[in-house]
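Accompanying notes for the structure given below.
Just so you know, all these numbers are worked out from the coordinates, no wet-lab data involved. Note that the structure is a prediction, hence the values are computed from the model and not measured. Note that each Cβ is placed from the backbone with ideal geometry, even for glycine, and that neighbours are counted across all protein chains shown.
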Amino acid sequence: MSVDLARVSAQLDSEDAKVRLLALVSLRDVPAQDAVPLIKKVLKDEHVPLRSMAVFSLGIKQTEECYDILIDILQNEPDYGIRADAAGALGYLNDPRAFEPLVRAFHEETDWLVRFSAAVSLGNLGNPEAFNVLMKALDAPEVVLQQAAIAALGEIGAIDSVDKILTFAQAEDCWCVSVWPRLLVSSTRPKADRH
């Protein structure tokens, strides 16, 4: 089914937030090069759920400009939820340039949600250089940051983290055992083959 982009563009200008939201959803099957210009129309929308969805969609509808847009949002957006969406979308972009901004966001951000998204995205990037940041996240007071770090350490194949992660295995709600298969598989591959 073909989407009428001119109609979607007009709907994104509607006074009704529901109409704008449905217009944004209608872009899900539209190629990135056609969707991104329309997504950009609502990046500053006053309706936060719409902005959130638009920001996150830039990680899925990838064009050359998405990286710069997401970095700008991560660094300059006043709403922490939207900054967290940008951090999460950067993980979906899988662009190695996002590594340093995500590390910086993890270290400098005061809101746990942005730090959580940065940790998850560091795992998505698969860069073993995230090891020290993620090990630091294991010491965070927020359990969700610890959980994000455990999962991300599994994603980067950080077998050296096993001893530290084992300290979490005693927790009543520990789901960290789900990381073991990834770590064990990673440990059997030569270092050059790990992400």
Inter-site label distance for Asp111 and Arg97 at 7 Å from Cα along Cβ, in nm
2.5 nm
Summing -39500 (n - 2.57) over the DSSP H runs of n ≥ 4 in the chain and dividing by its residue number, what mean residue ellipticity at 222 nm do you reach, to the nearest 500 deg cm²/dmol?
-18500 deg cm²/dmol
Candidate values (1) 128; (2) 139; (3) 105, label of the one derived for volume of the Cα convex hull per residue in Å³:
(2)
Excluding Phe99 itself, calculate the net charge of residues whose Cβ lies under 14 Å from the Cβ of Phe99, where each Lys or Arg counts +1 and each Asp or Glu counts -1.
-2
Simple spin-label estimate for Arg28/Glu64, 7 Å along Cα→Cβ, in nm, reads 3.0 nm
For Lys164, Lys18, order by how many other beta-carbon atoms lie within 10 Å, fewest first
Lys18, Lys164
For Leu166 and Glu15, extending 7 Å from Cα along the Cα-Cβ vector and measuring point to point gives, in nm, a value of 6.6 nm
What translational diffusion coefficient, in µm²/s and rounded to a whole number, does the Stokes-Einstein relation yield for region 125-164 at 20 °C and a viscosity of 1.002 mPa s, taking the hydrodynamic radius as the Kirkwood radius over Cα pairs?
219 µm²/s
